[in-house]
């Protein structure tokens, strides 16, 4: 089967991987001179892309056509015939649209000292040589060219990307960094990174600015925070630009017969499928998403393209390696009172990963209450509503839910049904009949193994759903967020399972006779692959022999990676690697 | 506690509906570019909007209400292009802070559907006179007189050999 992939970015390559693994012919059309897309424009991700691409580069069944432009596409008997501008003709049975995202160009603000985040990336790139001499004060400004009237979606990656840029900057120099934000839309571990950077002296200000006065030495920026207008000088101001749909999608849609939604992205009829038969979609053509989600949807689209729509209904969700947990019941007891107040804020970075989940549920509940004619207030410390979540948020604002945004130094004091916001120059008091707080729901998430939290960064990129050897997390337990993602994740995980090859490992063995059950191996294991089982054992201490339950270490074969930490930790040498 | 009714008039006077203002995301970009802030008055238009939604009273000496010049810089910078000057104008109207001229102008529109100058002048003449035109007349007459031919200072004939700067002398 011929599979045509339009777009040689990370998502297209992921889809190609799955298709190649299943022994199909793959053609990748790339509009620029080499594959890479937006990911390869980020200096620190370029290497990662290369290693990812090198695994399939030069394979016999793979054709990569650079500088390609499609002139014509026809469909006959479920086969596509695609003509390129240079006259070449290709045939394909399935088409995957992976055109990716286009960064917004803020021409009205850009200058020599006011850089977009991609331009700034070139400044801090190690391969470009030394940093500029004056590199003492850097200001980052989020939400430029997104969450606005002409593009109401949130780009969902700019906050995370800014956080990485802060990291890469601090790796090379120690400038004073200030991040100006509307909402910090982080995911998973990034909340811990944020906390680490706060502790390291990076300043976060909940305000934004469009006042940039640029001269030869720097930029003067005005912003309003803490009840007064402030003016500051920065050496460089970095605008975290929004990501918009690829403008060529409209033309592709006409040629291949799929439709776009009002925001310019592909209309997703069923998960990862367009409304044209045989045309699938992945990555940034769906909605703004980060790299690991692009890989996930790429795997998913590749899987569907290979297996075909017919088998989907039977396969989806039935693989025993898929692990899902139902999300907790998010019951909001409807108050009888006329005023409701939501408090969307938490101090713990662990709870941070649930911001996205709780935000969307709070918005939903607030809109329902508002429709029932109540006055609804939402105090937000951080509202995480990425990509299409922003639309629901906007609707809520239009419908009259009042959002009060707490700044960094503001505190909200709860006293029964009274909520008091205090800050210099601002004092607000709300009397609500019902107060609903973020932390009331934190207990729902306790003691669960969330994939987005526990895996370290590089791993999560290349295997977006894998938790253990025979366990692939999907849905709520992978990343607590909107429901539209759950089925995409299932397909992504199925694609990842196809790719996964078993590696040879040696497992540690426990000498159960001698194990004292002290548990030090359990503490040492980084993958929680050791559990303490209670086993019956004959005990004879002074006198008659009796059966008693004693704890004994047990190695879970699925999760163990064979690192050997348990064997080296064991105080009585009962864990060992046995050679066979 | 919400007093939406109190501020209904504000939304009535603008051609917007309430929801067109409530899309505000609270980014405070408007405050960063506001020209009232050039006077170091510390205003935050976003807070004015919030006060409307929460139903708080807006005082008539709020600097934004007093000094807003309707320059629409905020609207140009606002991601949602909220027309804040129109809110401010409506607030002014609801507080009865319009000048006599504005009132006369609007009333004339109500009656005739156009500006009928004799009416406007008749309604505002007293105010114009009392409000400074007479009081400051000597002053602005002086300014006008500055441009009369005999008042304009002439430069002394320049002496190139002395090397003095003619313009400096002229000024002194």
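Structure values in brief
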item	result
Potential extension, residue A:371-residue A:50 segment - 0.36 nm per residue separation minus Cα distance	110.4 nm
Computed helical MRE - 222 nm, the protein assembly as shown, DSSP H runs ≥ 4 contributing -39500 (n - 2.57), nearest 500	-9000 deg cm²/dmol
Averaged over A:392-399, number of beta-carbon atoms from partner chains that fall within 10 Å	4
Rounded D (µm²/s) - segment A:339-445, Kirkwood Rh over Cα pairs, Stokes-Einstein at 10 °C, 1.306 mPa s	113 µm²/s
Linear extension gain, residue A:518 paired with residue A:176, 0.36 nm per residue minus alpha-carbon span	118.3 nm
DSSP-defined antiparallel bridges as percent of all bridges, segment A:114-243, nearest 5	40 percent
Fraction of antiparallel bridges per DSSP, the protein assembly as shown only, in percent to nearest 5	55 percent
Relative contact order (%) - criterion: Cα under 8 Å, at least six apart; region: chain A	14 percent
Protection proxy ranking, peptides B:48-59, A:14-25, B:106-117, A:74-85, average beta carbon neighbours within 10 Å, highest first	A:14-25, B:48-59, A:74-85, B:106-117
Ranked by how many other beta carbons lie within 10 Å on average, peptides A:279-289, A:379-389 from highest	A:279-289, A:379-389
Overall dimensions of segment A:114-243 as given by Cα atoms, namely Rg and Dmax in Å	14.2, 43
Order by protection proxy (mean Cβ within 10 Å, highest first), peptides B:60-73, A:469-482	A:469-482, B:60-73
Segment residue A:573-residue A:88, extension gain: residue separation times 0.36 nm, minus the distance between their alpha carbons	167.9 nm
Shielding by other protein chains, A:171-183, mean Cβ within 10 Å	1
Label point 7 Å beyond Cα of residue A:439 along Cβ direction - residues of segment A:339-353 with amide nitrogen under 19 Å	A:341-353
Averaged over B:40-53, number of beta-carbon atoms from partner chains that fall within 10 Å	3
Size descriptor, Kirkwood hydrodynamic radius, that averages inverse alpha-carbon separations across the protein assembly as shown, Å	30.5 Å
Two-site label geometry, residue A:119 and residue A:395: point separation in nm, points 7 Å out along Cα→Cβ	3.8 nm
Cα centroid of segment A:213-266 to Cα centroid of segment A:501-580, whole Å	55 Å
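The numbers here are math on the coordinates, done by the rules we state, and not lab data. Because the structure is a prediction, the values reported are computed rather than measured. Every residue, glycine among them, receives a Cβ derived from its backbone with ideal geometry; neighbour counts consider all protein chains shown.
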